[in-house]
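Accompanying notes for the structure given below.
Please treat every number below as a calculation from the coordinates, not as lab data. These numbers come from a predicted model, not from an experiment. Cβ placement follows ideal geometry from the backbone for every residue including glycine, while neighbour counts extend to all protein chains displayed.
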Amino acid sequence: MVNLKVSDLMIKIHDKLILDGINIDFKAEKKTAIIGPNGCGKSTLAKMIMNIYKPTSGEIIYHNQDITKLKGEDLRQNYRHIQMVFQDPISAFNPKMKIGNIICEPLLNFKSIKKSQMKEKAKELLRLVELPEDFIDRYPHNLSGGQRQRVAIARALALEPKIIVCDEATSALDVSVQAKIIELLVKLQREKNITYIFICHDLALVSLFSHRIAVMYLGNIVEKIDGDKLIKAKHPYTKALLKAVFSLNNEQNKNIETLSGDIPSPLDLPKGCPFQNRCKYCKDICKQEKPKLKEISVNHHVACHLF
Ligand code: SF4
């Protein structure tokens with residue numbers, strides 16, 4: 001079951017394939033991060049929020065409408081409000097199109113500007129993401145990875161969406177470029193009052209700027225906590241992630257704690273807690289009953305039989 005809210009967006013999905021036990025409230029104009037290992041269902045969730053994938057059953061309510069039921073022009077118009085920035089913009093861009101055309105394509109598709117206004121609009125959007133105006137005549141392969149990601153952000157901003165889903169948007173970038181892209185996203189959020197949903201597997205990175213963090217494991221939300229309280233996380237999986245974060249202050253002689261066991265296939269999950277085969281606290285009930293997400297203190301939810 002998936003249950004997401006972004007002020008005026010609420011999602012309740014029963015997806016029989018990958019996602020289960022998802023329940024997140026996204027606060028408007030805030031940054032919420034969804035973190036978890038590869039294959040846990042983060043990107044599937046992002047694509048359901050974008051209405052690219054349909055859940056097997058359930059609903060995604062936005063502006064009092066179930067957007068999973070939208071079709072034709074109504075569905076197309078909904079894309080104005082929710083945009084996405086992908087991990088690898090080069091595969092999202094048409095290599096034969098100039099940057100100016102790439103940025104303005106959504107505006108032309110929605111007839112928000114005329115062709116004669118394209119150049120000026122592209123320059124304005126390039127300025128917004130701190131790129132030179134003359135980039136409008138370049139091609140994607142002429143740009144560095146960081147510059148391409150700025151173009152992807154400019155394109156996502158073109159329709160003035162309320163929500164931007166960043167799916168591993170900085171994962172492929174050099175660390176110094178990552179920091180600059182995050183700085184840019186934070187600056188743009190202040191200026192444009194955007195709600196961000198960050199899909200990421202880097203706990204250290206998201207803890208720096210996220211208002212809320214939801215930790216996913218095998219299609220389930222196992223913990224939800226305020227970004228500034230992450231250090232107080234309780235779920236054994238979140239705690240293991242925190243212990244695995246590298247820092248310049250790490251003691252060189254200290255053993256790095258790693259999780260034992262392999263992640264089971266999402267298509268063949270064990271009965272009970274999805275984390276049971278890797279959890280050192282696993283008890284009999286964990287193998288029988290799946291733990292429900294419970295509020296253990298204000299704004300702090302954990303799905304674990306220890307709580
Ligand atoms: Fe570990 Fe049991 Fe908690 Fe799952 S429910 S995380 S197996 S203690």
Taking a straight Cα-to-Cα line shorter than 13 Å from residue 54, and setting aside same-chain aspartates and glutamates fewer than 8 residues away, one finds 15, 66
Can you classify the chain as rounded, prolate or oblate using the Cα gyration tensor, where a ≥ b ≥ c are the square roots of its eigenvalues, rounded means a/c under 1.5, and otherwise it's prolate if a/b beats b/c and oblate if not?
prolate
Let me spell out the model: positive unit charges on the Cβ of Lys and Arg, negative unit charges on the Cβ of Asp and Glu, origin at the Cα centre of the chain. What dipole size does that give, in debye rounded to 20?
320 debye
When a/c reaches 1.5 or more, the comparison of a/b and b/c decides; with that in mind, is segment 15-99 rounded, prolate or oblate per its Cα gyration tensor?
oblate
For Cα pairs less than 8 Å apart in space and 6+ apart in sequence, what is the mean separation divided by the residue count of segment 35-141, i.e. the relative contact order in percent?
20 percent
With the Cα gyration tensor of segment 123-211 giving a ≥ b ≥ c as the square roots of its eigenvalues, does the rule (a/c under 1.5 for rounded; else a/b larger than b/c for prolate; else oblate) give rounded, prolate or oblate?
oblate
Estimated 222 nm signal from helices in the chain, with DSSP H stretches of n ≥ 4 weighted -39500 (n - 2.57), rounded to 500
-8500 deg cm²/dmol
If amide H atoms are modeled at 1.01 Å from N in the peptide plane, then the residues at a separation of 5 or more from residue 169, or on another chain, having amide H under 5 Å from its own are 199
When only Cα pairs under 8 Å and 6 or more residues apart are kept, what is the percent relative contact order across the chain?
20 percent
Beta carbons within 10 angstrom, averaged per residue: use that to sort the peptides 65-76, 211-222, highest first.
211-222, 65-76
Taking the chain as a Gaussian network, Cα atoms linked when under 10 Å apart, which of 31, 271, 114 shows the biggest mean-square fluctuation?
114
Name the residue from 64, 272, 116 whose Cα lies farthest towards the positive end of the charge dipole of the chain, charges +1 on Cβ of Lys and Arg and -1 on Cβ of Asp and Glu.
64
Alpha-carbon centroid distance for the pair segment 52-82 / segment 190-242, whole angstrom
26 Å
Taking Cα pairs closer than 8 Å and at least 6 residues apart, the relative contact order of segment 133-228 in percent is 21 percent
Options 33, 193, 288, ranked by Cα towards positive dipole end of the chain, top entry (Cβ charges)
193
